[in-house]
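The values are calculated or read from the model by the stated rules, or taken from the named source; none is laboratory data. Keep in mind that this is a model prediction, so the values were computed, not measured. All Cβ positions, glycine included, derive from the backbone under ideal geometry; neighbour counts span all protein chains shown.
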Amino acid sequence: MIRPTMDSFSQLANILKELDGPEFDHIFWEPIADDEEAKIEFDKHIKTIDESQNWPVSLNWKKGKVLEDFTVFLFSRFQDVNVNVNKRPGDNETDIETILSEKAQPPFMLQTIGPRIICECKNKKTTSIDVGMVTKLAELIPRRGSKFGVFISIKGMGGYAWRYGEGKRKKIMYSTQLPIISFTVDELRVLRNGSNFYTMIREKYYSLVDEVDDETADIPNQQHYEYSKRLNEMIEHFRKCNLMVDEEAVAIKQRLISKYGPLE
C-alpha cells in the first residue's frame, strides 16, 4: 500500500488550483445541455414552475415545493454532493442545504463557498426578496455551519443600489463578509443550453464583492441594476467621450464578461 506524502497532497492542491476556472467547471457541476435525460427533467421543472404562477392561493404549499424540486435538481448536479430539503421546517430553517464534496474541491469552492450552501426558494410572482428575507437567511447561514447563501425566486432581489433587500445584502457583505447571491428562474433558463451553474455562482459572487467595494455614485433608478450592465454602460460612455479607443473597449468588455458573465 502506497502511503500519501506531503508532496502528493501538494501536487493535488496544485492540480485543483489549475482547474479553478470556468473552462473546467464542468468537472465539478455536470452541465445539462449534453444530457438528454437531464434536459427532459429540466424542461418538466420549468414547465411546472411556469404553470404554478397561475395556481390558486390554496396551492401555495405546492408552489413552494415545485421550486424546491427544481433547486434540488440543480444542486444535485455538483459532484459527490448531499442535498437536503427542509432540514428543520418546524423552526423555520432552510429550504435547501447542499453539502459539497470533501474529496476534491477547487480553491473557490473550498475557500469562498465553504462546506455547504444554504438556499431559500421563493415561488411568488408578485413578491421580491425583501429586507426581512435577507436578514433571516443571513442569521440562518452561520447557524447551519455555512458561510454562503443563495436565493432562487421568481421576482429576484427587491430594491436597488444600497436600498431595501438589495441594499441589505450588500450591507451584510460589507460588514460581515457573508455573501448572499440571488438567481431568478428566468436567469437559470440558460442552463438548458450549456451554461454552468457553478460558473454562474462564481460570477454572481464576484459581482457582489466588486459592487460593494465600488465607491462611485448610485444610479437613481427604481430597480436593481446588474453591476455588469452598469460597468458596460460606463465603457460605452468612455468610448463616446473619446477617453477610450474601440480596441480598449472591446478588451475590457471581454474581461468583464469573463468575470461577471454575459451582458444580455
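Structural remarks
- Qualifying residue in the stretch 133-142 (condition: of a type in the set (G, A, S), assigned by TED's automatic domain parsing to the domain that holds D210 and buried (at least 18 other Cβ atoms within 10 Å of the Cβ)): yes
- All conditions in (1) modelled with pLDDT under 90; (2) outside any helix (DSSP H, G or I); (3) surrounded by fewer than 16 Cβ atoms within 10 Å (Cβ to Cβ) hold for G145, with the sole exception of (1).
- Test for A161: is it surrounded by fewer than 22 Cβ atoms within 10 Å (Cβ to Cβ), modelled with pLDDT of 95 or more, in the same structural domain as E37 (by TED's automatic domain parsing) and small (G, A, S): no
- For the residues S175, S153, the requirement of being over 21 Å from N82 (Cα atoms) and buried (at least 21 other Cβ atoms within 10 Å of the Cβ) singles out S153.
- Residue within the stretch 60-78 that is surrounded by 16 or more Cβ atoms within 10 Å (Cβ to Cβ), over 15 Å from the mean Cα position of the chain (by Cα), among the polar types (S, T, N, Q) and under 21 Å from R189 (Cα atoms) present: no
- Among the residues listed as L74, L137, L110, the single one being assigned to a helix (DSSP H, G or I), at negative phi and in contact with a Phe, Trp or Tyr (Cβ under 6 Å, 6 or more places away or on another chain): L74
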